[in-house]
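Here the structure comes first, spelled out in structure tokens, and everything after it is commentary.
A short reminder: the numbers here are calculations on the coordinates, not readings from a lab. The structure displayed is predicted, hence computed values, not measured ones. Note that each Cβ is placed from the backbone with ideal geometry, even for glycine, and that neighbours are counted across all protein chains shown.
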Amino acid sequence: MFFFGPSRAEPGSRSEPGVEIVVPTAAQGSTDLLARLLAERLNRQGMGEVQVRNMPGRSGTLAGGYVAGAIPDGRTLLLATPSSHGIASAFVANMPYDPVLSFTPIVRFAAAPYLLVVKSGGTGSLAAFVDQARAAHSQGREWRYASTGAGGPHHLVAELYFQRAGLKLEHVPAAGGAAALAQLSDGRVEAMLPAAILALPKIKAGELKALAVTGTQRLRALPDVPTFGELGISVDVESWYGLMAPAGFPTSQARLLAQTVREIFADPAMEAQLTKLATQATVEEGEAFANLVALEVARWKALVSGLGIQSQFKGD
């Protein structure tokens, strides 16, 4: 067991023992999917009933603030992402928590690149996409791209690539990954740069086509899709997923939970599942995870400032 007392400061907030993994995104998105995979496995590890709670909004800070304010007993955990522990610091005034000091970092357990995806049957290559988007712009008809919300990673990674490629596309934010992909599948937007784990099922189903992948290596799940670097523009960013508890969670319990999570993702069956989801297991825990978060905060602040889009943030 990893919990020791009531989960929240509010009396009666939880009537039965259990663990809540709070996800800073809407249901059916990539982060939610990984959280539910983890919760299912943790259910078998003697942690009581492990449930997932979705709290999207404000670049991950609604979920982050909720967990930061919980009693550090192991019953309330955060599925941390680059949004809640990096991007939010660049966008959200009066952050309700400190990304490093308000949490006990447990383990970063998975990472995934981003993909530039379009609707199947349309653009066949990245070069053709660039040419067509530029042609539309010259005719006064801006192409559009979807994201899971203003100020989120899909928004920023798309802007990073478009600016480096000299493209101008109109941003159309949606309420979560499923809604954003639906906009693309329905033809309401021309492109999206989601985390690979989110787009892969629709790519495999033939609904979407991937033109390029971020990072330095091609995906094993999509070996024919080149990296942006291979095509002339480096976009070396990735999505990542980690588990955090409120500050004050006992170090010995954090290590035990990290070990459990490591074992879960080292299982060959889980490794195979991650590969199918275009995601790979990673291991940074404790201080190493905290150092990574500090670097992420600095990185995204610099990136947002360089992109010049901070004033566009309206919340999500």
- Task: Equivalent ellipsoid semi-axes for the chain, as square roots of 5 times the alpha carbon gyration tensor eigenvalues: give them largest first, rounded to whole Å.
- Result: 34, 21, 17
- Message: Suppose the Debye formula is applied to equal point scatterers at every Cα of the stretch 115-231; what is log10 I(q)/I(0) at q = 0.16 Å⁻¹?
- Response: -0.68
- Kyte-Doolittle mean at least -1.0, axial Cα span of 24 Å or more - DSSP H helices of the chain: 287-307
- Message: If neighbour count is taken as other Cβ atoms inside 10 Å, put 155, 137 in order from fewest to most.
- Response: 137, 155
- Task: Can you tell me the relative contact order of the stretch 130-233? Whole percent, Cα pairs under 8 Å, sequence separation 6 or more.
- Result: 24
- Task: Express the relative contact order of the chain as a whole percentage, based on alpha carbon pairs under 8 Å and six or more residues apart in sequence.
- Result: 26
- Message: Taking the beta-carbon count within 10 Å as an exposure proxy, list 145, 241, 66 from fewest neighbours to most.
- Response: 66, 241, 145
- Query: Could you put 129, 249 in order, starting from the residue whose Cβ has the fewest other Cβ atoms within 10 Å?
  - Reply: 129, 249
- Task: Return the subset of 168/204; 168/202; 119/204; 119/301 for which the Cα-Cα distance in this structure is over 22 Å, preserving the input order.
- Result: 168/204; 168/202; 119/301
- Select from the stretch 128-190 those trypsin sites (Lys or Arg not before Pro) which occupy a DSSP coil region and have at most 11 other Cβ atoms within 10 Å, ordered by residue number. 141
